[in-house]
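Each remark here refers to the structure printed beneath this line.
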Amino acid sequence: MAESISNPEYAAVRDGGAGLIDLSSRGRILVSGSEAVMFLNGLITNDIKSLARNSWMAAAFANVQGRLLASVRIIHREDGFLLDTEDSTRDAVMKLIERFTLAGDFKVTDFSTDTAELSLQGQKAREIVANIFGEEAARLEPQKSLDVDFEDAPITLIRATQTAEDGFDLFISHDRANALREALINAGARSISEETFETLRIEAGMARYGIDMDETNVVTETNLDDAVSFTKGCYVGQEIIVRIKHRGHVAKKLTGIVLEEQTPAARNTKILSLDGKEVGRVTSSIFSPRLDRAIALGYLKYDYLAPGTAVKVASADDETSAAVAELPFIRGSWYAE
C-alpha cells in the first residue's frame, strides 16, 4: 500500500502492527475518600455509582447550561478514582473538584507530572501485551482495567482505543516510563509522532477539546454519547441535557465529512448545502492515506447529518464537493469483534 511506504508509523497502526503513542501530556488526577462517589456523581454526566472496581467509563463535566467543560475517563482503582483528561482541561478539572476537599472525606491528588501515560495501538497490541504482562492482561475486556507489574513498578492497564484499532493505555510512574517504552518498542511497537497520531485520531473520529469541542458546545453535540447517563440523579447541567433529549435531538452535532480532493480544509471553514446555505463548520481536517481523500470533523445542522448527504466545503476563494460520513471514518481492528 502506498501509505505503508510513505509513512511506516501510520502503517504500523493500520496494517497489522502496533504503534506506541505518548499521552503523558494529559492530566491524571486521583480522587479518593469515602465521599468521592457522592461528590463526583453530582459533577459528572455519567453514573459513577455504577462503575465497578477495575473498570473505567467516559464522563464529562458540564456547566449549568449543559455546555462542555471537560471530557474525562474515570478508572476505578483500588486507591480511588483516576481521572484522565486532556492537557487543555487538566486545570479546569482540578478547579472543579478540589473545592470539595474541605467539604468532607474527599481527597484530590494531581499525579500528572509524577506519572506517564503510553498507548499501544494496532492489531499486534494484544500480542505485545501478552509477551510483557501475560495472557490475563492481553485478554482484558474493553472498559476494564487491570493492575500489573513491570520490573516491580505498578502499572494500571486499560483496554481502550485512540485510533479505531485495538489498543491498551498504560499508566506508570514517570521515572519508570522510559524503561517501559523501551520494552514495548523491543517487543515490536513503533513510536508514533504527534503528526501521525493526529491523522489516526481524526480517522477514528475522536474529538479533541479546544479544537473539535469546547465550552460553547452542549455535551450531547460532541459525540460523547457514552459519557452521559440519562437515568442517574442530579448533576450540574442535567436539566438542559435531559430537556434536549426529550425534545428529540440537538440542533447540530459533530460528524464526519469526506472531501473530493486531497487538500485538507482549514479550521472553521464553512460547510454549505448544495443550495448555498451555511449548515456547519469544519473543526479538524487532514489527508487520510487509507481513504486517499481529505477528511474533516465538523458540526452540521441536524437536517444534514445523514451519511451520504452531499455538501460543499467553502474556503475564501474556492468550493469543494464533499459528503457527510458516519464516524469513525475507518473501522479498524477495535470494531472487528
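Dipole magnitude for the chain: computed about the Cα centre from +1 point charges on Lys and Arg Cβ and -1 point charges on Asp and Glu Cβ, it is near 1120 debye. For Val279, the amide hydrogen comes within under 5 Å of the amide hydrogens of Ile271, Leu272, Ser273, counting only partners 5 or more places away or on other chains and with H modelled in the peptide plane.
Considering only beta bridges that DSSP places wholly inside the chain, some 95 percent are antiparallel. Taken one residue at a time, the phi angles of segment 56-62 give Karplus couplings (6.51, -1.76, 1.60, θ = phi - 60°) of 9, 9, 7, 7, 9, 9, 10 Hz. Gly and Pro are set to x. Taking the Cα centre of segment 211-337 as reference, the dipole from Cβ charges on Lys and Arg (+1) and Asp and Glu (-1) amounts to some 380 debye. Between Arg53 and Glu136, residue separation times 0.36 nm minus the direct Cα-Cα distance comes to 28.2 nm.
If you wrap a convex hull around the Cα atoms of the chain, how much volume per residue is inside, in Å³? Could you put the intermediate results ahead of the total?
Details: hull volume 45.7 nm³, N = 337.
In the chain, the Cα convex hull volume per residue is 136 Å³.
Here the label points at Ala251 and Asp114, each 7 Å from Cα along the C-beta direction, are separated by 4.5 nm in the simple model.
Averaged per residue, the chain has 45 square angstrom of accessible surface, using a 1.4 angstrom probe with ligands and nucleic acids left out. Considering only Ala36, Ala70, Ala160, the mean-square fluctuation computed in a Gaussian network model of the chain, springs between alpha carbons under 10 angstrom, is largest for Ala36. Using the rule -39500 (n - 2.57) for each DSSP H run of four or more residues, divided by the residues of the chain, the 222 nm mean residue ellipticity is -5500 deg cm²/dmol.
The fraction of accessible area contributed by carbon and sulfur in segment 103-177 is 43 percent, rounded to a whole number (1.4 Å probe; ligands and nucleic acids excluded). On full extension, the segment bounded by Gln65 and Ser191 gains 41.3 nm, given 0.36 nm per residue less the C-alpha separation.
Counting only Cβ charges, +1 for Lys and Arg and -1 for Asp and Glu, the dipole size of segment 120-178 around its Cα centre is about 220 debye. When the chain is treated as a GNM with alpha-carbon contacts under 10 Å, the residue of Glu117, Glu203, Glu182 showing the greatest mean-square fluctuation is Glu182.
Scalar couplings 3J(HN,Hα) for segment 283-296, obtained by applying the Karplus form with A = 6.51, B = -1.76, C = 1.60 to θ = phi - 60°, are 10, 9, 8, 8, 8, 8, x, 6, 8, 6, 9, 6, 10, 8 Hz; x denotes Gly and Pro. Under 19 Å of direct C-alpha separation, and excluding same-chain neighbours fewer than eight residues apart, Lys49 reaches these aspartates and glutamates: Glu35, Glu78, Asp79, Asp84, Asp105, Asp225, Asp226.
In the chain, a dipole from Cβ-located charges (positive for Lys and Arg, negative for Asp and Glu) runs towards its positive end, and of Phe230, Ile74, Asn46 it is Phe230 whose Cα lies farthest in that direction.
For segment 104-232, the relative contact order comes to 23 percent (Cα pairs under 8 Å, sequence separation of at least 6).
Entry note, the chain: relative contact order of 19 percent, from Cα contacts under 8 Å with a spacing of 6+ residues. Annotation: Ser321 carries an accessible surface of approximately 70 Å², with a 1.4 Å probe and no ligand, DNA or RNA atoms counted. Since only Val218, Ser55, Gly256 are under comparison, the one whose Cα sits farthest along the positive direction of the charge dipole of the chain, derived from C-beta charges on Lys, Arg, Asp and Glu, is Val218.
Add +1 for every Lys or Arg and -1 for every Asp or Glu among the other residues with Cβ under 14 Å from the Cβ of Met94, and state the total.
Values: positive: Arg26, Arg28, Arg90, Lys95, Arg99, Lys107; negative: Asp84, Glu86, Asp87, Asp91, Glu98, Asp110.
The answer is 0.
At an R0 of 35 angstrom, the distance between the Cβ atoms of Ser173 and Tyr335 translates into a FRET efficiency of 0.60.
Neighbours of Val311, meaning other residues whose beta-carbon lies under 12 angstrom from its beta-carbon, give a summed charge of 0 when Lys and Arg score +1 and Asp and Glu score -1.
Short-range pairs are left out: with C-alpha atoms under 8 Å and at least six residues apart, the relative contact order of segment 232-324 is 31 percent.
The values are calculated or read from the model by the stated rules, or taken from the named source; none is laboratory data. What you see is a predicted model; the values in this text were computed from it and never measured. Heads up, the Cβs are rebuilt from the backbone with ideal geometry, glycines too, and the neighbour counts pull from every protein chain shown. Surface accessibility is based on the protein's heavy atoms, side chains included, excluding ligands, DNA and RNA. Shrake-Rupley method; radii C 1.70, N 1.55, O 1.52, S 1.80 Å.
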